[in-house]
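Peer 1: Here it is, the structure, as structure tokens.
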Amino acid sequence: MLAKLILKRGKSAYGYDRAKISKETSFLGLLSNIFVAVLKVILYIFTGSISILSDAVNNITDCISSIISILGIRLAAKPRDKDHPYGHGRLEYLISLVVSGIVLSVGFQFLKTSVEKIIHPVEISYPKSTIVILILTIIIKFWQASLYSNVGRKIDSVTLKAQEKDSLSDTLITSVVIISIIIEKFTGKLLDGYVGLLVALFILYTAISLIYETISIILGRGLSDETKHEIKSKVSNYDGISNVHNMMVTDFGPDNMIVIIDAALDYNLTLEEAHNIVDKVEREISDLLGIKLIIHADPKGSSNEIVNSVSLALKKIIRESLNIYSFHDIVLEDNKIYIDIDYNADSVKTVHEKENLKIEIRDKLKSIYPDYEFVVKLDAIF
């Protein structure tokens, strides 16, 4: 219900105000994290349990994460300026790295503390209310994860998705702590240090996963296969458009994804007609998917007999090869013919293999058209 209310408050005629929604969600998360952390710190004071303390400190780092996220979202929402013409959206990814780094350092610290507790175990007395309070914190953290999930997926926020994973990890960690307390109570086995070690490993795993995911985005992970397919499918359904290929994504932040694709249009269209088709597709798909779509128009067919003949020869070469999918952008300049080839990047990987593929295509075409030189460019398809 709170997720719907936050989304409703942040919705306008122009879509969702991601900054406002993210800040309100993170603020609610901060309040709930403070409450959960205070409860566990109080339990630690009464029990001296390292597993409860590590769980409490994990929640304290969640508070720090929420504060950093709120500040980061505010900075990322700053409008574009002269020095940053594409905005400040990438700050959201950098904030995720900072949060992950904090979690990682906490994990290593408790790894050390837990090992010391295993070597020198201490018997612990747990108040009767301990399990009840810990179950309450699990319920709060599960609600928190649900809030992050519902809002984060709706506005596609990397930061909120990261906090969702962290909250779910917290519910699992606290569950393990409860189980260890029950086992200790009925068997007398001292498991506090071992559970603290397990909690530390969970913290480290969560941090490393978040770091990997964020760095992957910064390095240019691009769009998911489903989104790529959706873009190609929707663009291809427009009259006058065919053979959508060569997709390139530049991510300036979740609110500023620039997608560049090539699409074939009939060569005999006038410049005005081709522009009108491309402009309509760019505008409608951008609004529909929340991206900035840019289309480079390639001619489909040609008035040149040699180009048409080479196209037919290439189709035959593609049918006979497992490593070539398609071709596009055949350009004739004097006696040189430039061709872009879409190849299977899963089977052709090394520089040597790519060069051999180019030579193979050039030699086959050269044997048919000895008066022309062929310049082959390879475009990877994964």
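Peer 1: Compute, for the chain, the length of the dipole vector about the Cα centre, with Cβ point charges of +1 (Lys, Arg) and -1 (Asp, Glu) only. Units Debye, rounded to 20.
Peer 2: 1680 debye
Peer 1: Next question, about the same structure. Compute the accessible area per residue over region 19-77, keeping the other protein chains in place, probe 1.4 Å, unit Å².
Peer 2: Heavy-atom accessible area per residue stands at 37 Å².
Peer 1: Match the structure shown to one of the listed values [x] 28.4, 91; [y] 23.0, 87; [z] 21.8, 73 of Rg and Dmax of the Cα atoms in Å, computed from it, and give that label.
Peer 2: The value computed from this structure is option [x].
Peer 1: Of PHE382, ILE324, LEU288, which is farthest along the charge dipole of the chain in the positive direction, counting Lys and Arg as +1 and Asp and Glu as -1 at C-beta?
Peer 2: Checking the options against the dipole of the chain, the answer is LEU288.
Peer 1: Another question about this same structure. Can you give the % of DSSP beta bridges in the chain that are antiparallel, to the nearest 5?
Peer 2: So the antiparallel bridges in the chain amount to around 45 percent.
Peer 1: DSSP loop GluC sites (Glu not before Pro) in region 285-382 with at most 10 other Cβ atoms within 10 Å of their Cβ, which ones?
Peer 2: Working: sites: GLU305, GLU320, GLU333, GLU353, GLU355, GLU360, GLU373; in loops: GLU320.
Sites meeting the loop and neighbour criteria: GLU320.
Peer 1: Set Lys and Arg Cβ to +1 and Asp and Glu Cβ to -1, take the dipole of the chain about its Cα centre, and tell me which of ASN33, ALA200, GLN163 lies farthest positive.
Peer 2: ASN33
Peer 1: For a quick check of your reading of the filter: which trypsin sites (Lys or Arg not before Pro) in region 164-206 sit in a DSSP loop and have no more than 15 other Cβ atoms within 10 Å?
Peer 2: Details: sites: LYS165, LYS185, LYS189; in loops: LYS189.
Here the trypsin sites (Lys or Arg not before Pro) that fit, given the DSSP loop and packing criteria, are LYS189.
Peer 1: Positive end of the dipole of the chain, charges at C-beta (+1 Lys, Arg; -1 Asp, Glu), about the Cα centre: which of ILE181, ILE368, VAL235 has its Cα farthest in that direction?
Peer 2: The listed residue farthest towards the positive side: ILE181.
Peer 1: Take the solvent-accessible surface of the protein heavy atoms, probe 1.4 Å, and return the percent of it on the chain that carbon and sulfur atoms account for.
Peer 2: C and S fraction of accessible area: 60 percent.
Peer 1: By its C-alpha gyration tensor, with a ≥ b ≥ c as the square roots of the eigenvalues, how is region 278-352 shaped: rounded for a/c under 1.5, else prolate for a/b larger than b/c, else oblate? Walk me through the numbers on the way to the answer.
Peer 2: Working: a/c = 2.48, a/b = 1.36, b/c = 1.81.
Cα axes put region 278-352 in the oblate bin.
Peer 1: What FRET efficiency do you get for ARG80 and ARG362 if R0 is 30 Å and r is their Cβ-Cβ distance, rounded to the nearest 0.05?
Peer 2: 0.10
Peer 1: Taking 0.36 nm per residue of separation and subtracting the Cα-Cα distance, what length does fully extending LYS315 through THR187 add?
Peer 2: 38.7 nm
Peer 1: Right, next: Under a Cβ-only charge scheme (Lys and Arg +1, Asp and Glu -1), can you give me the dipole magnitude of region 68-143 about the Cα centre, in debye to the nearest 20?
Peer 2: 200 debye
Peer 1: Which residue fluctuates most in the GNM of the chain (Cα springs below 10 Å): ASN304, ASN268, ASN276?
Peer 2: The residue that fluctuates most here is ASN304.
Peer 1: Counting alpha carbon pairs within less than 8 Å and at least 6 residues apart, what relative contact order, in whole percent, applies to the chain?
Peer 2: Working: 534 pairs, mean separation 48.7, N = 382.
Computed over the chain, the figure is 13 percent.
Peer 1: Would you work out the charge dipole size for region 164-243 about its Cα centre, treating the Cβ of every Lys and Arg as +1 and the Cβ of every Asp and Glu as -1, and quote it to the nearest 20 debye?
Peer 2: My answer is approximately 120 debye.
Peer 1: Please work out whether region 47-150 counts as rounded, prolate or oblate from its C-alpha gyration tensor, where a ≥ b ≥ c are the square roots of the eigenvalues and a/c under 1.5 means rounded, while otherwise a/b larger than b/c means prolate and anything else oblate? Walk me through the intermediate numbers first.
Peer 2: Details: a/c = 4.69, a/b = 2.06, b/c = 2.28.
Cα axes put region 47-150 in the oblate bin.
Peer 1: Something else about it: For TYR267, list long-range residues whose amide hydrogen, built 1.01 Å from N in the peptide plane, is under 5 Å from its own amide hydrogen.
Peer 2: Long-range HN contacts for TYR267: LYS300.
Peer 1: I would also like to ask the following. Would you mind calculating the relative contact order of region 1-150 from Cα pairs under 8 angstrom and at least 6 residues apart, reporting the percent as a whole number?
Peer 2: It rounds to 27 percent for region 1-150.
Peer 1: A further question follows. Cα centroid distance between region 170-198 and region 1-76, in Å?
Peer 2: Their Cα centres are 25 Å away from one another.
Peer 1: Relative contact order (percent) for region 154-309, with alpha-carbon contacts under 8 angstrom and 6 or more residues of separation?
Peer 2: Result for region 154-309 is 16 percent.
Peer 1: Using 30 Å as the Cα-Cα cut-off, could you pick out the over-long pairs in LYS40/LYS185; LYS82/LYS354; LYS4/LYS78; LYS20/LYS165; LYS20/LYS292?
Peer 2: LYS82/LYS354
Peer 1: Treating the angle as unsigned and between 0 and 90°, give the value, to the nearest 10°, between the Cα long axis of helix 271-289 and the longest Cα principal axis of the chain.
Peer 2: Helix 271-289 sits roughly 10 degrees off the main axis of the chain.
Peer 1: Show me the GluC sites (Glu not before Pro) within region 87-174 that DSSP assigns to loop and that have at most 13 other Cβ atoms within 10 Å of their Cβ.
Peer 2: Values: sites: GLU92, GLU116, GLU123, GLU164; in loops: GLU123.
Passing both the DSSP loop test and the Cβ count: GLU123.
The values are calculated or read from the model by the stated rules, or taken from the named source; none is laboratory data. These figures come from a predicted structure and were not determined experimentally. All Cβ positions, even for glycine, are placed from backbone atoms using ideal geometry, and neighbour counts span all protein chains on display. To get the accessible areas, we keep the full protein, side chains included, count just its heavy atoms, and leave off ligands, DNA and RNA. Shrake-Rupley method; radii C 1.70, N 1.55, O 1.52, S 1.80 Å.
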